Amino acid sequence: MNDSPLLLPIPRSVSQAYSPHTLADNKLIAIDSPQPQELHFTAKRLQASLQQYAGLNWEIVAGSTAPTEQIGLTLGVVPSATTHPEGYELTITPEGLHIEAGQPAGAFYAGATLIQLLAQYRRDLPGLHIVDWPDFLNRGVMLDISRDKVPTMETLYRLVDMLASWKVNQLQLYTEHTFAYRNHPEVWASASPITGEEILALDAYCRERFVELVPNQNSFGHMKRWLSHSRYRHLAEVEEGWLETPWAGTKVEAPFSLCPIDERSIELVRSLYDELLPHFSSRQFNVGCDETFDIGQGRSRTAVKEKGAGRVYLDFLLNIYREVQAQGRTMQFWGDIIIHHPDLVPELPKDVIAMEWGYEANHPFAKNGAVFAQSGAPFYVCPGTSSWNTIAGRTANAMDNLLNAAENGLHHSAVGFLNTDWGDNGHWQPLPVSYLGFAYGAAVSWACDANREIPLAAVLSQFAFEDPSGTMGRLAFDLGNVHRETGVLTGNSTVLFRLLQHRPDEFDQVEKYISGGDGLAPERFWHTHKRIEELLDTLQEGDMQRSDGDLIRREFRWAARMLQHSCRRAAWILGSEDGKLRQSLTAEIDGLMDEYEEIWMARNRPGGFKDSLALMERVKTDYLGA
């Protein structure tokens, strides 16, 4: 038996206060609560886990009349038991197992901890006393379902189960055009959207697991999927041409944002809310409103000159706020625009929630959090998994970014922590690449001090990949750092990803992303290629117990091969023309694209695949045109 059990998240207080306990068969799970039905789902999960991990059959009963010697586990809720609404105590003594919580959610989280212990120790449990509660009341994950992957329901259900087992209690599905609005069918016609019926089912599934499914619909910027249709194009700030952005040397094709001074814009927004929101039980709603950099470049130019860009933005945001209020919801919105106008932050209504997002290790959560805190505006910290624009992740950056958000969110009394997982530029990363960021985010948002040094590779293997050998967690951890072997660091991406997304004659664009290192050198890419091969050699050493274990191996093998392809591509571009290498790369990218389609369809709907694949087909075109 291990002296210290692996747990995700690590509880804030764990003491080995008792002798071990050996589980016996034919015991009872006794629900001791005024409303036992509220704990039935938690009891069923524990019952199933006892059968799965220990081969035991324990019946569930309610009340306190069962003979004491027959009770193996007491599951109790007493309102005064804990000071925190989601807190719990879990006690394992030689005589039995005891869970006590102040609310049903706390009992569920105690059950999640006990299930993790059962997975490791089976029948012989260590004697423990655990006292635990969360740092953040709202601990969420946001999954991008608009660029370009829309997951299958099976994928979403499985993700909810995993996140809930790590005590995550909020899920958002970032939406631009992938909800099946019945009044706007042309927008989602080829997107394989999530339907209202599916949201109702997912909402119910989440509620059982104490996860709040928060609606998320971008409502100002990022509206190209709407404004590109003739029915909506007249609502655009800029209908045609290229837009200046805050990112050096980068332009975006119009249309992008709704025109904030056109009353018809808010009418469209209202129609979306009327149709979308009845499908969600959550009383929160994320309306987006980020990156509206084109405001003032088109129809609102005069208004911006007269009032200022911040005022024009805030006026439209307040119009959206009134629509959300009319729906009886609390509005969340991305805070990246308003934070650049700190003088306007105090004008935010005190019942809106600013979502302070940033994805680099050094993002100024401290500085920006202070602005929101001093104004009295409630806010979330919103870091990310660092998986997008990478293929295999950025492990070091993800951990530093997530910890930075948690520490500074706590310091400035943020009301929530939302871990974001985006799909920019084709959503090339397989979903399991994001498990590392999900896991560390769940850990530090639950109990930051206890989890900052959590053995992430080990817990990732045990509780994400269900691989007791430790192989898959270590592979995911190391593969997410392998881009650093190139000697080049880039912002919000990796150099290996950028090399695949840009043409050979666009290398100056790759170099503009470089934020550290010694520049691009062919020998460093060959070194990285070799290191990836070493990691791939460990892939078959894993012992995943998940039913999708074979798929996860394929996904990580594909991701590694894509990174190796990028290394070879870099060597080809940086070195002299090599016809044999170019021919080899052409054949290789064909195989990678075929495999990409298969692993895509295993977890996602077909809509969006062609858009994603088109970015990969450009890579092949480079070789054919050389």
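Every read-out reported here was derived from the displayed coordinates using simple, explicitly stated rules and does not represent laboratory data. Just so we're clear, the structure is a prediction, and the values are computed from it rather than from any experiment. In this analysis, Cβ positions are derived from the backbone assuming ideal geometry, glycine residues included, and neighbour counts consider all displayed protein chains.
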Exercise. Under a cut-off of 14 Å between alpha-carbon atoms, report the aspartates and glutamates in cross-link reach of K580, not counting same-chain residues fewer than 8 places apart.
Key: E588
Self-check item: Sites matching GluC sites (Glu not before Pro) across segment 67-110 that sit in DSSP coil, with at most 14 neighbouring C-beta atoms within 10 Å
Solution: E95
Quiz item: Taking the DSSP beta bridges in segment 13-132 as the whole, what percent of them are antiparallel, to the nearest 5?
Solution: 55
Exercise. Using just the helices of the chain, give the 222 nm mean residue ellipticity in deg cm²/dmol: DSSP H runs with n ≥ 4 each add -39,500 (n - 2.57), and the total is spread over all residues, rounded to 500.
Key: -13000 deg cm²/dmol
Quiz prompt | GluC sites (Glu not before Pro) within segment 544-589, DSSP loop, no more than 16 other Cβ atoms inside 10 Å | solution = E577
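So, counting K/R as plus one and D/E as minus one, what does the shell of residues with Cβ under 11 Å around S219 add up to?
-2
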Exercise. Just flag the trypsin sites (Lys or Arg not before Pro) in segment 231-339 sitting in loop per DSSP whose Cβ has no more than 15 other Cβ atoms within 10 Å.
Key: R231, R283
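Report the net charge of residues surrounding A450, where surrounding means a beta-carbon distance below 12 angstrom and charges are Lys +1, Arg +1, Asp -1, Glu -1.
Values: positive: R12, R452; negative: D132, D135, D449, E453.
That sum, taken over residues with Cβ under 12 Å, equals -2.
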Quiz item: If you take the charge dipole of segment 475-624 about its Cα centre, with +1 on Lys and Arg Cβ and -1 on Asp and Glu Cβ, which of S612, Q545, S566 is farthest toward its positive end?
Solution: S612
Practice problem: Using Cα extents along the principal axes in Å as the read-out, say which of (1) 73, 61, 55; (2) 77, 61, 42; (3) 110, 55, 48 was calculated from these coordinates. | Solution: (2)
Exercise. May I ask which of K149/K307; K224/K305; K27/K167 have a Cα-Cα span longer than 29 Å here?
Key: K149/K307
Self-check item: Charge context of W388, other residues only, Cβ under 9 angstrom, K/R +1, D/E -1
Solution: -2
Quiz item: About its Cα centre, what dipole magnitude does segment 475-624 give when the only charges are +1 on Lys and Arg Cβ and -1 on Asp and Glu Cβ, stated in debye to the nearest 20?
Solution: 240
Exercise. Please name which of L39, Q509, G416 has its Cα lying farthest along the dipole of the chain towards the positive end, using unit charges on Cβ (Lys, Arg +1; Asp, Glu -1) and the Cα centre as origin.
Key: Q509
Exercise. For the chain, give the share of DSSP beta bridges that are antiparallel, in percent and rounded to the nearest 5; count only bridges with both residues there.
Key: 35
Quiz item: For the chain, what is the charge dipole size about the Cα centre, in debye to the nearest 20, if Lys and Arg each add +1 at the Cβ and Asp and Glu each add -1 at the Cβ?
Solution: 420
